[in-house]
Amino acid sequence: MTAPLLSVRDLRTWFHTFAGTVKAVNGVSFDLMPGEVMGLVGESGGGKSVVGFSILGLIDPPGRIEGGQILFDGRDLAQLPEDALRRIRGREIGMVFQDPMTSLNPVQTIGRQMDEVLRLHTRLDARARRARCIEMLESVGISQAGDRLRAYPHQFSGGMRQRVVIAIAMLARPRLIIADEPTTALDVTIQSQILKLMRRQIAEEGASMILVTHDLAVVAEMVDKITVLYCGKVVETGPVREVIDTPAHPYTRGLIDSIPNPAHRLPRLNQIPGTVPDVRNLPAGCSFRERCPRAQALCAEKEPPLTPQRGGQHAACHFPVPATQTTGEPA
Amino acid sequence: MTPMLEVEGLEQRFQLSKGLLDRITFKGGRPRLRNTIVHAVNGVSFAIAPREVLALVGESGCGKSTVAKTIARIYEPTGGRIRIEGEDVSAYGPRRMLPVRAKMQMIFQDPFASLNPRQKVRDIVAEPLLQQLGPSRRAEVRERTAALLSRVGLNPEQAGRYPHQFSGGQRQRIGIARALSVNPGLIIADEPVSALDVSIQAQILNLMLDLRDEFGLAYLFISHDLSVVHHIADRIGVMYLGFMVETAPRDRLFAMPRHPYTRALLSAAPTIEPQRKTVEMELTGEVPSALSLPSGCCFRTRCPFAWDRCAIERPALRDLGGGQSVACHLIDEPQRDRM
Amino acid sequence: MASRVLSSQMVFNWWRNPSAMLGTLIVLFCAIIVIFGPLLVSQNPYDLRQLSLLDSYKPPAWLEEGDARYLLGTDGQGRDVLASIVYGTRISAMIGVTAMLMACAIGTTLGLLAGYFGGRLDALIMRVADVQLSFPSMLIALFLMSAFGTGIDKVLIALTAVGWVVYARTVRGSTLGEVQKEYVQAAHVAGLSHAKIILKHVLPNVMTPLIVIATVQVGTFILIEASLSFLGVGVPITQPSLGLLIKNGFDVLFSGLWWTSVFPGLMIMAMVFGINLMGDFLRDELNPRLK
Ligand SMILES: Nc1ncnc2c1ncn2[C@@H]1O[C@H](COP(=O)(O)OP(=O)(O)OP(=O)(O)O)[C@@H](O)[C@H]1O
Ligand SMILES: Nc1ncnc2c1ncn2[C@@H]1O[C@H](COP(=O)(O)OP(=O)(O)O)[C@@H](O)[C@H]1O
Ligand code: SF4
Ligand code: SF4
Ligand SMILES: [Mg+2]
Ligand SMILES: [Mg+2]
């Protein structure tokens, strides 16, 4: 058995704000194998982005990694000093964010920004760097790459900019890519182009990827494995088809049922009642209790641990949804 | 039966800047005058029967919101006719629009920007009704406001709070209550669930369908999400670059999409069951600018079937029977359809 | 509005910000002088019956020849400098605040109209504003005062004419942003008239940045008025502001009678300093970009 490329153990990242401590990530664990693509899903505020930023070492005060380990290739990123992290970011871990404009410098040409990455992280000479930049731009589908190196970010459309960001993320041949909602701001036809492109790039380079998104449909088409977050905790994790076809956790079940499915249209969607609770004062026991159709007395007393389920996934629930059931209603 | 809403050849242009100096650009070293007219909507026609849900889909910038806001007479149409229950309102000024506003209301996309942050929820919801009834009937308005809030699933005791004290889904409910207050027959909903999480989106979609049955509403429902549209719509119109390229009843559109763009859209939409996908058609390139429309067919720059006729002649929307209309030359020359 | 300004977060930050606290204390102190001033000092310096030439040019009380009745000394007419400062502060502050309110009202109205309706009206208002901004405000005020002659009312008009532009520009900018927002469009759909939309929806949402401008402007106006009075084109002798006190004292400054001008000068400094500290704090608190 190969060792995981990334192993996150009991990660806790908290924000100490004026209104109280936000336990944005509170005990998250998962493993990512080399070449594996994992989807990190859940609703807004679940802690998806904070997990991504924690791995990248980009948590700024009032936030802090309070505990846990982020083992990347044997090193604990949570313990590394900032300058060591800076060397890892860009070279070994690439990143793609939702808004390409925030990761591109508006007053520098694309070529300059790409060259900078290579100068920082490789020993290539100027000619080789230029060749690599052109090769990379062409592989993300930007034609006349040689000329485009002289262009500024604002001269590209949203979809093109995201391609450039992906090209930059892949430049130094990183082994892990963290993509936070990379296509959320794009149109479906552009989204489908970008997703196909990312999948191909990852496969070609043999890299792993964490795809952070709220869109289960995107995940279903892209990843090998899913981790579902709710209120800063992993509620379910496992192979993608198993989690989507026979989810064990009532929250995952509810999410899937909330998505209208053109293949079998119901007169009413099976909605999850209520809203995500305020993470500053979660209910005792299971955080999903107040919205859960299966909740029983035990759920208020004891927090459910992540346990193995049939079908190979793990779920944190005292009363998991049976495989035969297709809605979130109690049996 | 008179349609609730009838739109005929609707056209909306925006002038970007008026100053001559702002328009000069340099292209290839020579000064040129830049185009400054945005062709946002270019002759769109459709009708919505009472209690019917018509959805408009398309990518961002294709003119969906502009159609919605022109019908709601937030914008003055630059061409075409808008009829509400048979009454042509396209040239009405604000005063003559007032009684029409009791028949037609609107729900907006952004749950944060669509509520005035400095107004109490009670005043937000009461605003349209207060314009209709006048300030003398404030007590009546207040009672109805409370009833509306509880109907959309909010606690009327929270009516004295400000919008920032509510979550995105709750704000959308406030917006729905505001639209319902005058008891309209038509609600224009511009991407009402796009900014919401899926679980909240399902709650709002259920609420909107319940309200339709209860109050006999017709919706013009705008969305870019095909699965949402499939769930809520009776009929669907597909827009591209300000043109309506195809309209059809829901099931027919999903089963037999005819326009190449509709087919591409259906195949690009991600689904949680990718193994079931039938149509495979990938588009290259991006949407051209609405500042300079392509000649002929608006879709020809990305259409895999385009041939010379498409660059010369603009295809008109043609009725194929069964409620389906398509604007594409492939209808005349089906042998060119290689898929 | 109130909920925002008095948010507990802001009070929390205020407690941790010594310069904000100092600024607030100074401004409160000035406010007390303005409101209760005459009750705090024993002499009304402009009631001639209360003055005695025998007491002229007394130095401050802690110096030799000082008089315990006149803490900060007296001027050539035997006026108590402390009492003159109290009365002068009232006049200076009243002028600053009143002119600010007038400039704010006019500037905000013009800015709202320009931003909401756009077109020719907008172009006209903004061109006038541009022209005005290309001259230093002091120069414009001086020019207007020499055309009108002295008097508190004239000073107010001059300051208003100088000060409206900044409101008009700020409000126009925010208005352009607000009218794009969906809540304004919702008000159209609700059937509100333009006047109601401007008053009920746009105005309350463009006010926040004005708080900072208005605060700092009071300080600026106090200084401009002082300069005008110092140059002899501001307030009349019968209603001396701090600036006029400085001017009067300045004439005898080099004869060693420093207290008649230095103390009013310190007062202006303290007042404007306090106002600016408060303005800085408000700017940080109300600026959404820093949040
Ligand atoms: N800088 C910060 N200060 C305080 N709280 C923060 C900060 N960043 C994130 N949080 C909180 O941490 C929690 C998780 O946030 P996160 O951004 O990871 O959510 P997410 O799952 O990525 O959601 P979305 O889908 O909206 O991106 C939220 O409650 C959020 O308010
Ligand atoms: N007020 C406006 N001024 C100028 N251009 C506009 C305005 N509103 C919309 N547009 C332009 O009209 C086109 C259609 O926009 P919109 O209706 O918002 O698209 P959609 O809602 O389908 O995303 C776009 O090119 C957009 O930039
Ligand atoms: S532990 Fe109980 S409350 Fe939590 S998800 Fe499972 S059944 Fe529901
Ligand atoms: S008319 Fe031509 S370009 Fe347009 S959609 Fe049909 S085949 Fe494509
Ligand atoms: Mg996020
Ligand atoms: Mg839109």
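General observations
- Charge dipole of the protein assembly as shown (Cα centre as origin; +1 on each Lys and Arg Cβ, -1 on each Asp and Glu Cβ, all else neutral): 1140 debye, rounded to the nearest 20.
- Long hydrophobic helices in chain A: the complete DSSP H runs spanning 15 Å or more by Cα along their own axis with mean Kyte-Doolittle hydropathy of at least -1.0 are A:110-121, A:126-139, A:158-171, A:188-205.
- Using alpha carbons only: equivalent-ellipsoid semi-axes of region B:237-339, gyration tensor based, whole Å: 22, 17, 13
- For chain C, the relative contact order comes to 23 percent (Cα pairs under 8 Å, sequence separation of at least 6).
- Sequence of C:259, C:14 when ordered by accessible area, the most exposed leading, probe 1.4 angstrom: C:14, C:259
- Solvent-accessible surface (1.4 angstrom probe) belonging to residue A:23, in square angstrom, nearest 10: 80
- Accessible area, probe 1.4 Å, largest first, for residues A:198, A:33: A:33, A:198
- Helical segments meeting 24 Å axial Cα length and Kyte-Doolittle -0.5 threshold in chain B (DSSP H): B:198-215
- Accessible area in the full protein assembly, largest first, 1.4 Å probe, for C:222, A:65: A:65, C:222
- Summarising the strand pairing of the protein assembly as shown, around 65 percent of its internal DSSP beta bridges are antiparallel.
- Since only B:189, B:130, B:58 are under comparison, the one whose Cα sits farthest along the positive direction of the charge dipole of chain B, derived from C-beta charges on Lys, Arg, Asp and Glu, is B:130.
- Dipole magnitude for region B:131-216: about 380 debye, using +1 per Lys or Arg Cβ and -1 per Asp or Glu Cβ, origin at the Cα centre.
- Positive-end ranking of C:111, C:27, C:230 along the dipole of region C:2-290, with charges on Cβ about the Cα centre, is headed by C:111.
- Close lysine pairs were tallied over chain A: pairs 8 or more places apart or on different chains with Cα atoms under 24 Å apart number 9.
- At 1.567 mPa s and 4 °C, Stokes diffusion of region A:163-290 via Kirkwood alpha-carbon radius, µm² per second: 78
- Pairs of alpha carbons in chain B separated by more than 29 Å make up 44% of all such pairs.
- Descending semi-axes in Å of region A:229-315, equivalent ellipsoid built from Cα gyration tensor: 23, 18, 11
- Volume of the Cα convex hull of region A:30-177, divided per residue and given in Å³: 141
- Debye log10 I(q)/I(0) for the protein assembly as shown, one point scatterer per Cα, at q = 0.06, 0.07, 0.09 Å⁻¹: -0.58, -0.76, -1.13
- Residue B:332 accessible area, assembled protein chains, probe 1.4 Å, Å²: 70
- Chain C: DSSP helices with Cα axial extent of at least 20 Å and average Kyte-Doolittle hydropathy no lower than 1.6: C:18-40, C:208-230
- Debye-sum result for chain A in log10 I(q)/I(0), which assumes one identical scatterer on each alpha carbon, at q = 0.07, 0.11 Å⁻¹: -0.31, -0.74
- Listed residues A:136, A:80, A:164: farthest to the positive end of the dipole of region A:54-188 (Cβ charges): A:136
- Accessible-area value, residue B:300, 1.4 Å probe, nucleic acids and ligands omitted, Å²: 70
- In region B:170-249, inverting the average of 1/r over every pair of distinct C-alpha atoms gives 13.4 Å as the Kirkwood radius.
- Between residue C:21 and residue B:273, the modelled labels are 6.6 nm apart [label points 7 Å from Cα along Cα→Cβ].
- Base-10 log of normalised Debye intensity for chain C (one unit scatterer per alpha-carbon) at q = 0.09, 0.14 Å⁻¹: -0.54, -1.06
- Per-atom-type breakdown for chain B gives carbon and sulfur 49% of the accessible area (1.4 Å probe, protein chains only).
- Put a plus charge on the Cβ of each Lys and Arg, a minus charge on the Cβ of each Asp and Glu, and nothing anywhere else: the dipole of chain A about its Cα centre is then about 520 debye.
- Separation between Cα centres of region C:16-73 and region B:187-237, rounded to whole Å: 70
- Springs between Cα atoms under 10 Å define the GNM used for chain B, and in it the highest mean-square fluctuation of B:201, B:165, B:12 occurs at B:165.
The values are calculated or read from the model by the stated rules, or taken from the named source; none is laboratory data. Keep in mind that this is a model prediction, so the values were computed, not measured. Cβ: placed from backbone, ideal geometry, glycine included. Neighbour counts: every protein chain shown. Surface areas here come from the heavy atoms of the whole protein model, side chains and all, with no ligands, DNA or RNA. Shrake-Rupley method; radii C 1.70, N 1.55, O 1.52, S 1.80 Å.
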